[in-house]
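The structure appears below as structure tokens.
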Amino acid sequence: MSDPRIMWRRALNYVMLTLTGIAALGVVSVLFFILGYLIWNGGKSLNWNFFTQLPKPVGETGGGMANAIVGSLKLLMLAALMGLPVGLLAGVYLAEFGGKTFSFVVRYTTDLLNGVPSIVIGIFAYSLVVLPVKHFSALAGGVALGMMVIPITVRSTEEFLKAVPGSLREGAMALGASKWKTIVTVVLPAAKAGILTGMLLALARVAGETAPLLFTAFGNRFGSPGFGQPTASLPVMIYTYAIAPYDDWHRQAWAAGLVLLGLVLVANLGARLLLNRGGAVRSV
Amino acid sequence: MWSVSEGSHATAAKLAPKVPMNETRSMASEKETPVRFQISDLNFFYGPKQAIFGLNLSIPVNRVTALIGPSGCGKSTFLRTLNRMNEIIRNTRVEGNISLDGQEIHGMDVVNLRRRVGMVFQRPNPFPKSIYENVAYGLRINGYKGRLDDLVESSLHRAALWEEVKDYLHKSAFALSGGQQQRLCIARALAVNPEVLLLDEPCSALDPVTTAKIEELMFHLKDSCTMAIVTHNMQQAARASDFTAFMLDGKLIEHSETSKLFTTPKDPRTEAYITGRFG
Amino acid sequence: MSATATTIVNEVPPQAGPRAFLRRLRGGDEIAHLITLIFAAGIILLTSMLVYELWVNSHLSRAKFGWMFFFTKVWDPNFDNFGAAPFIYGTLVTSAVALAIAVPLGLASAIFLSELAPRKVSDVISFLIDLLAAVPSVIYGLLGIFIVVPVMRTTIGPALINTVGNVPYIGALFRGPNYGVGFLTAGIVLAIMVVPFIISVSREVLLTVPREQREAAMALGATRWESTWKVVVPWARTGIMGSVFLALARALGETMAVTMVIGNAPTIAASLLSPGDTIASIIASQFTEATGDLYLSSLIELGLVLFLITFILNGLARILIVTTERGGGRPA
């Protein structure tokens, strides 16, 4: 105990270990800070009008973001329609059919696509959908978001399918089921909870994306029927309102931020609960 | 009275079939039991590794044939060649003849073969569906158009499970105990009315009471079904089977009526195994 | 009997050959295989199209500026003169600041979660940290504008100028006018955004370090910290590097939060307090107002550059993480 070297080593031990704990708690507290701050600020400005009214012209107070809420839902629907089937089927390929080399290439490309910055996806959707027709549209935004949905869905689908025990596949095939019948009637149902959760998380992630929408769906002060016109969305609204110099817009941005964060966090929590309760794969 | 097949040398493997084949057949005719599966010169490879060497065996109709031997002797592999389940595994190779009722199984439609030859696995593997849907599964995928309810009920009766589950048909199969799950898997296999039932160590995950139930069940099924059971439990083979085949290192060492094999084994290796000196 | 012996070979896929193929086509297996294969190949096609579109649409800019694009410091839409240097600089500086904060913070947290915290506590905290990663970028931007920027302007900025700003050499980083927005602010916000990635990947990697490694060090009389820092962390260092690369790729491509707090000025300045722009933020703030084909083409070329950088970093990160998780790192 009296040896100063040992004293020093012990002190260092306690200091460093305490610091790691402080670091972890510090990072976690950021989450609670964000939540608390948004609830405090957003809660004040959130009212029924926010969900039902269109934005008011500059200078007038009040109004809401009904158009952005509808727009976000529309964009998500398009993204789901385009991205989820591709992701699901490619995931089935990787888990059930894939050979070695080609699967590796597909997996690698999927991860690459997952890592592409969302703004670059935006440029792609712009050149693919906006440039040819020369105007922004919900469709272009949907393409951008759909592309981001694909890689997340592929990887989660593959992962949960691979967790289905081989004995279930054997059981079905021993009864004379062909491979695809086995997949459709036994393997996919067994992995259903996990796959749906993965899809939910994918949609939750793109629901908050702003960058790929800036020059695809663009924005709109009004409601926009159909899918061929510029369309407002919650994240883009938050951006434009936050950088504008009007206090009332800032209040609206906080409200929108609270709604968006609430949706994203609820989806994530829900996914977690779904997985914990039912188990990703209901195995024997 | 028994068939012996040794294939320790390549030449021996080629020469061996004739003698035991005839013996097997003479035995069969003597007992007047028609043959359901006739296996001749069967070789099986996992990639470059050979797992079964020149195996010859006949499995008689409506009898229980037990396959015994130390673990890794190829008995499960052999069982899985009978309904071509090994084809799921890549890089495997089969040589030789396996005929079911005189028809070579490798020329058959595999779906049809597996409908005729049901299988029950080592661990119960019910699907994550209701009890009812588990039993109906084979019927549905085979496009059965008749009344499912009756067939589900009769299959569960045949698997001696009906009384225990009749009030819970639409509950999840996972709610059942392990033994019940295994009988459910038997019912699932029986629903498509197979001629043969392959049982791959069906009791290894079960307690003695449940094991007794399944053995009793096998006894009753003999009226309508040919069975081949792989087991590492010699008492089970002795109790539940009519014929027993002893395998060692991928070769069939001895095959005869169960009572004879366990009382007067011909091969010293069989004797060593059944008296517990190895394996 | 033995004369009619047949040989069945199960190759990859089982039962190849045109007849077997036709049979399985009827059974639906080949159709299902084909359909899923088409969608899997679709992902490759889509990614190739992405690269192709970026390449083709940046043609004007590439033809006019060539390699000089990367070294030109001017971004002047009025005279159709475009250079990427300010944005490359801004991207590198903000990412460096972000990593300087996020790596120690993330590594320390990961050590706490894998070495000290009980498994249940660790799992709960990890989940909360994963939630932090799920918070949309624009929300970080919102908080950045209304909390971090004012604090930087009124408190941290002046404090830095008055203290570190007077130190020779390093002081150059903290001089000049202080607007609240700028490289440092963007770096801080980025740090908070990428730290969850460092934590979750590093924690996983640290958890794969064998128990015996820890026990061996402790048995030699090492303190807990010494065994962690001198044995466990070096063992996992390749994987930790991987997590840093992943975080870096994230930071380089991060758009909204940065755009909202960096000040949007195409400048190269030594001071971290100066406003600037990153590749992603210039695209976000100017793409819709880009008039003229060359202007747009230059922005798209910036997108191409960003794509290539993240492509390389993601590849490196993957290799590093896979190497550690497979065979474990080498003890230092």
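The values are calculated or read from the model by the stated rules, or taken from the named source; none is laboratory data. Small disclaimer: the values here were computed from a predicted structure and weren't measured. Neighbour counts run over all protein chains shown; Cβ positions are idealised from the backbone, glycine included. Areas reflect the complete protein model, heavy atoms only, side chains present, ligands, DNA and RNA absent. Shrake-Rupley method; radii C 1.70, N 1.55, O 1.52, S 1.80 Å.
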Margin query: Any residue in segment A:96-116 that is facing chain C (nearest Cβ under 8 Å) sitting within a Cβ distance under 7 Å of a residue that is hydroxyl-bearing (S, T, Y) and open to solvent by less than 20 Å² (accessible area, probe 1.4 Å)? List the pairs, counting only those 6 or more apart or interchain.
Written below: A:F97/C:T36; A:T109/C:T47; A:L112/C:T47; A:L113/C:T47; A:G115/C:T310; A:V116/C:T310
Checklist line | Failed item in (1) part of a helix (DSSP H, G or I); (2) over 22 Å from A:S103 (Cβ atoms); (3) at pLDDT below 95, with A:S224 passing the rest | finding: (1)
Note to self: Go through (1) open to solvent by 20 Å² or more (accessible area, probe 1.4 Å); (2) under 25 Å from the mean Cα position of the chain (by Cα); (3) closer than 30 Å to A:S233 by Cβ; (4) away from chain A (no Cβ under 11 Å) for C:A133 and report which single condition fails.
What the structure shows: (4)
Next item on the list: Name the single residue, out of those in segment C:157-176 being at pLDDT 85 or above and in contact with a Leu (Cβ under 8 Å, 6 or more places away or on another chain), that is surrounded by the fewest Cβ atoms within 10 Å (Cβ to Cβ).
Entry: C:V164
Check: Using beta carbons and a limit of 7 Å, which pairs, at least six apart or on different chains, have the first residue in segment C:106-118 and at pLDDT 95 or above and of a type in the set (S, T, Y) and the second one in a helix (DSSP H, G or I) and open to solvent by 20 Å² or more (accessible area, probe 1.4 Å)?
Finding: none
Item checked: Within segment C:58-75, tally of residues that are more than 22 Å from the chain's Cα centre (by Cα) and open to solvent by 40 Å² or more (accessible area, probe 1.4 Å) -> 10
Margin query: Looking only at segment A:131-178, count every residue that is of a type outside the set (A, V, I, L, M), farther than 28 Å from A:R107 by Cα, within 9 Å of another protein chain (Cβ to nearest Cβ) and open to solvent by 40 Å² or more (accessible area, probe 1.4 Å) and tell me the total.
Written below: 1
Notebook entry, point to check: Which members of segment B:66-94 meet the condition of being under 14 Å from B:G250 (Cα atoms) and in a strand (DSSP E or B)?
Noted result: B:L67, B:I68, B:V94
Next item on the list: Can you tell me which residue within segment A:11-67, out of those that are among the β-branched types (V, I, T) and away from chain C (no Cβ under 12 Å), is farthest from A:Y239 (Cα to Cα)?
Entry: A:T52
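In the set C:I283, C:I300, C:I262, which member is touching a Ser or Thr at 6+ places or on another chain (Cβ under 8 Å) and within 19 Å of C:G66 (Cβ to Cβ)? I'd like the intermediate steps shown before the answer.
Numbers: C:I283 fails: within 19 Å of C:G66 (Cβ to Cβ); C:I262 fails: within 19 Å of C:G66 (Cβ to Cβ).
From the options C:I283, C:I300, C:I262, the qualifying one is C:I300.
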Check: Does A:A253 satisfy being within 23 Å of A:G63 (Cα to Cα), free of Cβ contacts under 8 Å to residues at least 40 places away in the same chain, open to solvent by less than 40 Å² (accessible area, probe 1.4 Å) and facing another protein chain (nearest Cβ under 7 Å)?
Finding: yes
Notebook entry, point to check: If you go through segment B:189-235, how many residues are touching an Asp or Glu at 6+ places or on another chain (Cβ under 7 Å) and open to solvent by 60 Å² or more (accessible area, probe 1.4 Å)?
Noted result: 1
Next item on the list: Considering every residue within segment B:40-55, establish whether at least one is part of a strand (DSSP E or B), modelled with pLDDT of 80 or more, in contact with a Phe, Trp or Tyr (Cβ under 6 Å, 6 or more places away or on another chain) and buried (at least 22 other Cβ atoms within 10 Å of the Cβ).
Entry: yes
Next item on the list: Kindly provide the set of residues from segment B:81-117 that are more than 14 Å from chain A (Cβ to nearest Cβ), open to solvent by 60 Å² or more (accessible area, probe 1.4 Å) and among the acidic types (D, E), ordered by number.
Entry: B:D101
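Within segment A:214-234, count every residue that is in contact with a Pro (Cβ under 6 Å, 6 or more places away or on another chain) and within 10 Å of chain C (Cβ to nearest Cβ).
Summing the residues that are in contact with a Pro (Cβ under 6 Å, 6 or more places away or on another chain) and within 10 Å of chain C (Cβ to nearest Cβ) in segment A:214-234 gives 1.
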Item checked: Sole exception among (1) touching a Gly at 6+ places or on another chain (Cβ under 8 Å); (2) open to solvent by less than 10 Å² (accessible area, probe 1.4 Å); (3) of a type outside the set (G, A, S) for C:P234, by number -> (2)
Checklist line | Qualifying residue in segment C:309-321 (condition: within 21 Å of the chain's Cα centre (by Cα), in a loop (DSSP other than H, G, I, E, B) and closer than 23 Å to C:N57 by Cβ) | finding: no
Next item on the list: Answer yes or no: is there a residue in segment C:263-270 that is part of a loop (DSSP other than H, G, I, E, B), within 12 Å of chain A (Cβ to nearest Cβ) and within 21 Å of A:A217 (Cα to Cα).
Entry: no
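Restricting to segment C:257-306, and then to whatever is of a type in the set (V, I, T) and surrounded by fewer than 24 Cβ atoms within 10 Å (Cβ to Cβ), can you tell me which residue is farthest from C:A159 (Cα to Cα)? Step through it out loud before you land on a result.
Residues of segment C:257-306 that are of a type in the set (V, I, T), as a first pass: C:258-259, C:261-262, C:267-268, C:278-279, C:282-283, C:288, C:291, C:300, C:305.
Those left that are additionally surrounded by fewer than 24 Cβ atoms within 10 Å (Cβ to Cβ): C:267-268, C:288, C:291, C:305.
Numbers: C:T267: 24, C:I268: 23, C:T288: 38, C:T291: 42, C:V305: 36 Å.
Among them, the one singled out is C:T291.
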Check: Which residue out of C:I192, C:I170, C:I156 is farther than 21 Å from C:M260 by Cβ and of a type in the set (V, I, T)?
Finding: C:I170
Next item on the list: Out of the residues in segment A:94-126 that are open to solvent by 10 Å² or more (accessible area, probe 1.4 Å) and hydroxyl-bearing (S, T, Y), state the one that is nearest to the chain's Cα centre (by Cα).
Entry: A:S118
Next item on the list: Kindly list the number of the only condition in (1) crowded, with 20+ Cβ neighbours inside 10 Å; (2) more than 29 Å from C:L173 (Cβ to Cβ) that fails for C:K120.
Entry: (1)
Check: How many residues, within segment A:179-208, are more than 10 Å from chain C (Cβ to nearest Cβ), under 30 Å from B:V120 (Cβ atoms) and part of a helix (DSSP H, G or I)?
Finding: 10
Note to self: Can you find a residue that is farther than 20 Å from C:M152 by Cα, at pLDDT 90 or above and either of a type in the set (D, E) or under 22 Å from the mean Cα position of the chain (by Cα) (or both) anywhere in segment C:255-273?
What the structure shows: yes
